[in-house]
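Below: one structure, written as structure tokens.
Just so you know, all these numbers are worked out from the coordinates, no wet-lab data involved. These numbers were taken from a predicted model, which means no experiment stands behind them. Note that each Cβ is placed from the backbone with ideal geometry, even for glycine, and that neighbours are counted across all protein chains shown.
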Amino acid sequence: MLDARTPLLAVKDLQAWYGESHILHGVTFDVREGEVVTLLGRNGAGKTTTLKSIMGIVGHRTGSVLFQGEELIGRSSDRIARAGVALCPEERGIFSSLNVEENLLLPPVVRPGGLALDRIFDLFPNLKERLGSSQGTKLSGGEQQMLAIGRILRTGARLLLLDEPTEGLAPVIIQQIGKTIRALKQEGFTILLVEQNFRFASTVADRYYVMEHGRIIDQFANAELDANVDKLHDYLGV
Amino acid sequence: MVEIFGIPSQALFGQLLIGLINGSFYALLSLGLAVIFGMLNIINFSHGAQYMMGAFAAYLLLQYSGLGYWPALIIAPILVGITGVIVERLFLQWLYKLDHLYGLLLTFGLALILEGVARNYFGSAGLPYTVPESLQGGRNLGFMFLPNYRAWVIVASLAVCFGTWFVIERTRLGAYLRAATENPTLVRAFGINVPRMITLTYGFGVALAAFAGVMAAPIYNVSPQMGSELIIVVFAVVVIGGMGSILGAILTGFGLGVIEGLTKVFFPEASNTVIFVIMAIVLLVRPAGLFGRRG
């Protein structure tokens, strides 16, 4: 499991607050170039807050977030995005005052090397059919999720933060999302995934970190998943 | 003499024209208010004073730099817009997370200061500003006499209103603005400098008010209170159209100008109150306004 390369993302002693409430109590983990890493944990464990802290959209944060060797703590979220990090939020964040095409083209290109629109339509054929639709929020839940992922593939961001992309979706759509994540890994994207559904995560992830009460409490590689299933059931309370 | 509904056609069309002129100013001003409210969540009570600043800027440019109407039509909105940018950076940016009331009070206080300063230096009698030479005179349309300058005001106002509507509803920049109105945090996390966009939006809204002020200078007197007289009606227009709706602000502005003009013909006694009566009815029937999104 040891790798000589420096990680693409190195999070160290990350603490975060919303107003008065202290959510993250020193989170440390890393993600190497080209990996799919999954954060597992119960509701309220701090998974989403970890993604938001990396993206710079929580109230207050301390510690260190190194991305390609650059320190992101203390930067505003627009500058973090321009460094090459992109977020697909849990609530998907499709804009109701924008049509489907405007939603897809909204995030500006921050670096060269993003996917061409045609390639995005290869991954999500439904999106192409829906381009003419009037309102982004009129799409089905699965289509909205595809739109939320599709729009951050154009921008040239190398690290994708995906927050529960399968939440509330039908099994056939979940399979398609899984296929897409594996295809994105092939394309060289690095992905940090937040999931509650570790059955789904096991079809895409290289490594796992388990979170509880705002800390990382365990980690293992995908190959070690079977040996850890009982422990995981405990952690996740399933 | 031709009569329509027992009214001489000259009088009818004359009032219709005045209604369209007033409607042009209602539309331009309520458009600026709608743009500012949509993006900043601030009810810009200094909008009337900024309109007045536009007219004074045109007057001063002529007095001290010899720059006439046409250069003033470009320069005055830019200058006044820059003062808007400064106000946003100094004051307004601290208020977005607070209740609407704070922004309203701050901009209202600002309006009082601006008017007081203008009254101190220029008195309240009003200063003349002549119609540019190229637009003097008028033409006889057969059924009425149309002064060239008034025709220009209507056309220019329509062009600016629909230009603004087009940029907001049909371009990439407009998509950023609409998205940031909905979810500024996420738009910023895509790499867009939202705070700068907000500052420039306020500057643009203020520049629109100043543009209206320059256009008004040759029609109404350039006076410190020209804004406060107009802005009360404009706020009623915004309430009727629905706060934050771009197209609503434009259509309601022109529509109510015309309704007000027609009321002057058919029932002159009600002409000063008709807009407020409509406002009361709209508030009862559709509290979010005719074009408001929340119903």
How crowded by other chains is A:95-107, given as the mean number of beta carbons from other chains within 10 Å of each beta carbon? 5
Which residues' amide hydrogens lie under 5 Å from the amide hydrogen of A:I23, considering only partners 5 or more residues apart or on another chain, with H built in the peptide plane? A:A16, A:W17, A:Y18
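Please arrange A:E187, A:E101 by how many other C-beta atoms lie within 10 Å of their C-beta, fewest to most. Don't skip to the answer; put the middle values down first.
On the way: A:E187 13, A:E101 16.
Ordered by Cβ neighbours within 10 Å, fewest first: A:E187, A:E101.
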Counting Lys and Arg as +1 and Asp and Glu as -1, each charge on the Cβ, what is the dipole of segment A:1-119 about the Cα centre in debye, to the nearest 20? 160 debye
What list of ³J(HN,Hα) values in whole Hz, one per residue of segment A:10-20 in order, does the Karplus curve 6.51 cos²θ - 1.76 cosθ + 1.60 (θ = phi - 60°) give from phi, with Gly and Pro shown as x? 10, 9, 9, 6, 6, 10, 9, 10, 10, x, 8
If only Cα atoms are counted, what is the Rg of chain B, and what is its Dmax, in Å? 19.4, 67
Distances longer than 38 Å among the Cα atoms of the protein assembly as shown: what percent of all pairs is that? 42 percent
Taking the dipole about the Cα centre of the protein assembly as shown, with the C-beta of Lys and Arg at +1 and of Asp and Glu at -1, give me whichever of B:Q10, B:T107, A:G34 is farthest to the positive side. B:Q10
Given the convex hull over the Cα atoms of segment A:9-236, what projected area results after averaging over all orientations, in nm²? 11.9 nm²
Pop the C-beta distance of B:L67 and B:T171 into the FRET formula with R0 = 41 Å and round what comes out to the nearest 0.05. 0.85
With +1 on each Lys and Arg Cβ and -1 on each Asp and Glu Cβ, how big is the dipole of segment A:9-236 about its Cα centre, in debye rounded to the nearest 20? 480 debye
Looking at A:P125, A:L192, A:N43, which one has the Cα that reaches farthest to the positive end of the dipole of segment A:9-236 (charges on Cβ: Lys, Arg +1; Asp, Glu -1)? A:P125
Distance in nm between pseudo-label sites at B:N120 and B:T185 (7 Å out along the Cβ direction from Cα): 4.3 nm
Using a 10 Å cut-off around each Cβ, can you sort B:R286, A:R158, A:R199 from fewest to most neighbouring Cβ atoms? A:R199, B:R286, A:R158
Subset of A:K128/A:K185; A:K12/A:K179; A:K47/A:K128; A:K12/A:K185 violating a 27 Å alpha-carbon distance limit: A:K12/A:K179; A:K47/A:K128
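Let me have the 222 nm mean residue ellipticity of chain A computed from DSSP H runs of 4+ only, each contributing -39500 (n - 2.57), with the sum over all residues rounded to the nearest 500. Intermediate results must be reported in sequence, preceding the final value.
Numbers: 9 runs with 77 residues, N = 238.
So the calculated ellipticity at 222 nm is -9000 deg cm²/dmol.
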Exposure proxy order (Cβ contacts within 10 Å, fewest to most) of B:V238, A:V31, A:V109: A:V109, A:V31, B:V238
May I ask you to evaluate 6.51 cos²θ - 1.76 cosθ + 1.60, the Karplus curve with θ = phi - 60°, for each residue of segment B:221-233 and list the ³J(HN,Hα) values in order in whole Hz, giving x for glycine and proline? 5, 7, 9, x, 9, 4, x, 5, 5, 7, 5, 4, 5
